[in-house]
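Since every read-out is calculated from the coordinates, none of them should be taken as a lab result. All figures in this text were calculated on a predicted structure; none of them were measured in a lab. Note: ideal-geometry Cβ built from the backbone for every residue, glycine included; neighbour counts use all protein chains shown.
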Amino acid sequence: MIEDLKGGETWRIFRIMSEFVEGFEELSDIGLAVTIFGSARFHRNHKYYKKAMEISGILANNGYTVITGGGPGIMEAANKGASKNKGISVGLNIVLPKEQKPNPFQNKALNFKYFFARKVMFVKYAMGYVCMPGGFGTLDEFFEALTLVQTHKIYPFPLILVGKEYWNGLVHWIKTTMLKEKTILKEDIDLIKLTDDPQEVLSIINAHRDWKQKMIKESAKNRK
């Protein structure tokens, strides 16, 4: 019995490896990309669904690939906005007992069993996160990326919360409680951007792209 368990764990390692290998191969050529998160529960007439479509359409029109979790709600809206504007629309689908049904607006789709493998793809291939209003999953993705940037485990990139009405309470609590208790530094708050304006989202992403390209050029000069 113990040997059977060990054998099962060994094969699980290969399944995990296969998800990483497939993700790296399929996403290596998608270009500059932005990941959009948000609730799977918003219907197509909801204001945040419409705003997610608008934001992804603007990003696609400006040459950015859009990555989502591949499901309904905000994910569908973002994939739809990108695909309708002839952009690369990526869905990183996850197998869940509820809610997760792949949306039809992905022109590049991958399927994951393991959340952690999927999370690596979100971070590795995005140059910015746009977090629309969402639940625990959205908060999980946002705070994990925020922690990675704060601790310098990844290069800094924009972490944008869209929807002031929805996110103001959270940002206020971070500023008044976490900062007051000194569990974060003042400069950590600057890592978070809050807006309602799709054009401002584009401006933030463009500014980061330009900064990143400048850093790459300077690094290349220093190596000569």
#### Entry: Full-extension gain in nm, Asp188 to Lys153, via 0.36 nm per residue minus C-alpha separation
11.2 nm
### Task
Select from segment 116-224 those GluC sites (Glu not before Pro) which occupy a DSSP coil region and have at most 12 other Cβ atoms within 10 Å, ordered by residue number.
Glu181
### Task
Sort Met178, Met75, Met215, Met127 so the one with the fewest other Cβ atoms within 10 Å of its own Cβ comes first.
Met215, Met178, Met127, Met75
### Query
Which pairs in the list Lys119/Lys153; Lys50/Lys193; Lys47/Lys182 are over 26 Å apart, alpha-carbon to alpha-carbon?
Lys47/Lys182
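So what is the calculated 222 nm ellipticity per residue for the chain, using -39500 (n - 2.57) for each DSSP H run with n of 4 or more, over all residues, to the nearest 500 deg cm²/dmol?
-17000 deg cm²/dmol
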#### Entry: Asp140/Asn206 FRET efficiency (R0 25 Å; Cβ-Cβ; nearest 0.05)
0.35
### Query
Which residue, Lys51, Lys108, Lys175, tops the fluctuation ranking in a GNM of the chain built on C-alpha contacts under 10 Å?
Lys175
### Task
Give the distance, in whole Å, between the Cα centre of segment 154-169 and the Cα centre of segment 106-138.
15
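Can you list the chymotrypsin sites (Phe, Trp or Tyr not before Pro) in segment 94-149 that are in a DSSP coil and have 15 or fewer other beta carbons within 10 angstrom?
In loop regions of segment 94-149 (DSSP not H, G, I, E or B), the sparsely surrounded chymotrypsin sites (Phe, Trp or Tyr not before Pro) are Tyr114.
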### Query
Distance in nm between label sites at Lys124 and Thr10, each 7 Å beyond Cα in the beta-carbon direction?
2.5
### Query
Listing Ser18, Ser28 from the residue with the fewest other Cβ atoms within 10 Å to the one with the most, what is the order?
Ser28, Ser18
